[in-house]
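J.: First the structure, then my questions, so here it is.
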C-alpha cells in the first residue's frame, strides 16, 4: 500500500479500498503535494445560488447557478488574481498561482469551493492579512461571489484531505476542478 492509500484509509475508514472513489482520492492526493509551495493558504468561497440579469431587451431574467457557472466563475477569479500578482507575465509567459480547487455543488445546499492557493515568493514582502485581503477582493470581482468566505494561512495536507472528502459531493469525478487545477 502506498503512503497515499494509507492516508486515505486512515481518514476515510468507511471506504472500501477497492471502490472507485477510494482509488480516485488516492490518485488526486498524489497530485496535491504541497511540499514545493511557498506559503499555501486554505480558502472557502460560497456562491450566489441565483441572480437576476437583464436580457438584451432590458427585461430581468432569473438565472440559477449551475456547475458550468461555478467553474467559469472560479476561472474568472484566477484570471483576476493572476493578473494582480504577475501582471502581463500571466498571458505572455503563462505565470499562474498554484491552486487546488474542489467544488461542492448541489441544488439543495449553498454551492461553494474549497481550495488551496499558494502565496508565491514574489509576494514575500506582503503579510498574510494583505494576501488574504487580495484574495477576498479578487473573489469579490466575480459575478457569482457571495459574502461568505474564509481564507486561512498555513494550509497543509490536513486541509487537502478535508477538501478531498467524498461526502457532500454529487459526483466525485466532477468535484475536483481540473479545469482550474494548477500544481506543476
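We did not get these values from a lab; they are worked out from the coordinates using the rules stated. Please read all numbers here as calculations on a predicted model, not as lab measurements. Note that each Cβ is placed from the backbone with ideal geometry, even for glycine, and that neighbours are counted across all protein chains shown.
J.: Under the definition of Cα pairs under 8 Å and six or more residues apart, what whole-number percent is the relative contact order of the chain? Let's see the in-between values first.
T.: Working: 259 pairs, mean separation 61.7, N = 184.
The normalised contact order for the chain reaches 34 percent.
J.: Separate question: Quick one: among 62, 17, 157, which has the greatest mean-square fluctuation in a GNM of the chain with alpha-carbon springs under 10 angstrom?
T.: Maximum fluctuation in the GNM of the chain, among the listed residues, is at 62.
J.: Continuing with the same structure: Tell me the label only: which of (1) 0.99; (2) 2.11; (3) 1.28 is Rg/Rh (Cα atoms, Kirkwood Rh) as calculated from this structure?
T.: (1)
J.: Shifting gears a bit: Compute the convex hull volume of the Cα atoms of the stretch 1-85, divide it by the residue count, and report the result per residue in Å³ as a whole number.
T.: Taking only Cα atoms, the stretch 1-85 has a hull volume of 162 Å³ per residue.
J.: Ratio of Rg to Rh for the stretch 109-161, alpha carbon only, Kirkwood?
T.: 0.98
J.: Grab the Cα-Cα distance for residue 6 and residue 68, subtract it from 0.36 nm times how many residues apart they are, and report the gain in nm with one decimal. Show your work: numbers first, answer last.
T.: Working: separation 62, 0.36 × 62 = 22.32 nm, distance 3.35 nm.
The residue 6-residue 68 span can extend by a further 19.0 nm.
J.: In nm, what is the difference between 0.36 nm times the number of residues separating residue 183 and residue 129 and their Cα-Cα distance? Let's see the in-between values first.
T.: Working: separation 54, 0.36 × 54 = 19.44 nm, distance 2.35 nm.
Taking residue 183 through residue 129 to full extension adds about 17.1 nm, to one decimal.
J.: Which residue, 58, 50, 140, tops the fluctuation ranking in a GNM of the chain built on C-alpha contacts under 10 Å?
T.: Maximum among the listed residues: 58.
J.: Additional query: Using alpha-carbon positions, what is the distance between the centroids of the stretch 155-181 and the stretch 1-62, in Å?
T.: Going from one Cα centre to the other spans 2 Å.
J.: Here's another thing I want to ask about it. Just grab the label-to-label distance for residue 59 and residue 89, each label 7 Å out from Cα along the Cβ direction, in nm (one decimal).
T.: 5.0 nm
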